[in-house]
Amino acid sequence: MRPIQDLELQRPTTLAEAATLLAAGGARAIAGGTDLVPNMRRGLVDAERLVDLGALPGFAAIEQQPGGGWRIGAGVTLSALARHAGLAAALPALAQAASQVAGPAHRSAATLGGNLCQDTRCIFYNQSEWWRAANGYCLKRGGDVCHVAPQGKRCHAAYEGDVAPALIALGAEVEVVSAGATSRRLLASIYRDDGAAHLTLNSSELVVAAIVPAPARGSASGYRKARARAAMDFPLAGVGVALRMEGGMLAALKVGISGTNSHPVALEGTEALLGKRVDDALLAALGKLVSKQVSPMRSAVTQSNHRRLVAVVTAQRLVRELAEGSTK
């Protein structure tokens, strides 16, 4: 890794000021820096200025809203999310996802917003400058060919954040501030299926909070992560599930998946599973939905088909576990 070049550090005290500084160009937002700083040292990210978000009021607040929903500031650390008793009781999938990111030291610095907006990853991209140069760079940075799919026209780097699939399953929105406006959007809408440009946010837009609705009575949620190593590793597949059972039948189901595509997948077609028992037939149908919608490529050290099967099995096991727990 190379030393980081001299740059200007700016510390805005309001959201509007932060958005204005980011809109000026040449700037990158920084909170925990656990994704940004390593990428800067590898020569993957250039910045003339860093906009430190640590002083923004309410940026690290966790608030329960009237009606039981939650507003979680983008500056909340993952360790704070993981150990928050109220979130663990109301939104288990979120607390579980936060607790499985990297290691304890990373979680003490890394933030919710940073995890949601982290860069995509690929074995041909997350390398040193000299390694990438020796391989002719890649479509994501400095080159014109995706080594994962040389005949294609887009980058296949994978999105490997843990928190996004859990929040997608929980029906979360994000609050986005720009230099001129504030908006709320479904979390899944800030991503696109392009590893080189996976966020739909423009340079002046900043995710400042996640808004999670109150779970319906009787709902259950969880997050499971399959990885090559037992700790400090990105997911081969990370699956978030929220479901509700009524009279032994599946009444509601949402699934989010990470690690397989260039964006976190909000699984489609789960409505066809409702009103049925969670048995082998339903889980087989769920597996077909997952298999068709995940598209792992050769962006990791593990074979693509293995990652597809891991996503299928992880989703099936988690749905079965939550359904059985809800009917006891």
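The values are calculated or read from the model by the stated rules, or taken from the named source; none is laboratory data. Keep in mind it's a predicted model, so treat the numbers as computed, not measured. So basically every Cβ, Gly included, is an ideal-geometry build from the backbone, and we count neighbours across all protein chains shown.
Check segment 232-251 and report whether any residue there is of a type in the set (Val, Ile, Thr) and part of a helix (DSSP H, G or I).
So in segment 232-251, the residues of a type in the set (Val, Ile, Thr) come out as 239, 241.
Among the residues that remain, those that are also part of a helix (DSSP H, G or I) are: none.
No, the conditions are met nowhere in segment 232-251.
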Search result, residues across segment 117-137 that are hydrophobic (A, V, I, L, M, F, W, C) and surrounded by 23 or more Cβ atoms within 10 Å (Cβ to Cβ): 117, 122, 124
Residues located in segment 183-225, provided they are in contact (Cβ under 8 Å) with a residue 60 or more places away in the chain, among the polar types (S, T, N, Q), part of a strand (DSSP E or B) and closer than 18 Å to residue 14 by Cβ: none
All positions within segment 96-109 that are surrounded by fewer than 24 Cβ atoms within 10 Å (Cβ to Cβ) and either more than 20 Å from residue 35 (Cα to Cα) or in contact with a Gly (Cβ under 7 Å, 6 or more places away or on another chain) (or both): 96, 109
Some residue of segment 62-82 being more than 22 Å from residue 119 (Cβ to Cβ) and among the charged types (D, E, K, R): yes
Complete set of residues in segment 285-328 that are among the polar types (S, T, N, Q) and either within 24 Å of residue 193 (Cβ to Cβ) or in a helix (DSSP H, G or I) (or both): 291, 293, 295, 299, 302, 303, 304, 305, 314, 316, 326
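Looking at this structure, is residue 220 farther than 29 Å from residue 300 by Cβ, in contact with a helix residue (DSSP H, G or I) (Cβ under 6 Å, 6 or more places away or on another chain), assigned by TED's automatic domain parsing to the domain that holds residue 321 and among the aliphatic types (A, V, I, L, M)? Before the answer, list the steps.
On the way: farther than 29 Å from residue 300 by Cβ: yes; in contact with a helix residue (DSSP H, G or I) (Cβ under 6 Å, 6 or more places away or on another chain): yes; assigned by TED's automatic domain parsing to the domain that holds residue 321: yes; among the aliphatic types (A, V, I, L, M): yes.
Spelling it out, residue 220 is indeed farther than 29 Å from residue 300 by Cβ, in contact with a helix residue (DSSP H, G or I) (Cβ under 6 Å, 6 or more places away or on another chain), assigned by TED's automatic domain parsing to the domain that holds residue 321 and among the aliphatic types (A, V, I, L, M).
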Sole residue being in contact (Cβ under 8 Å) with a residue 60 or more places away in the chain, in the same structural domain as residue 96 (by TED's automatic domain parsing) and either under 17 Å from the mean Cα position of the chain (by Cα) or surrounded by 24 or more Cβ atoms within 10 Å (Cβ to Cβ) (or both), chosen from 239, 176: 239
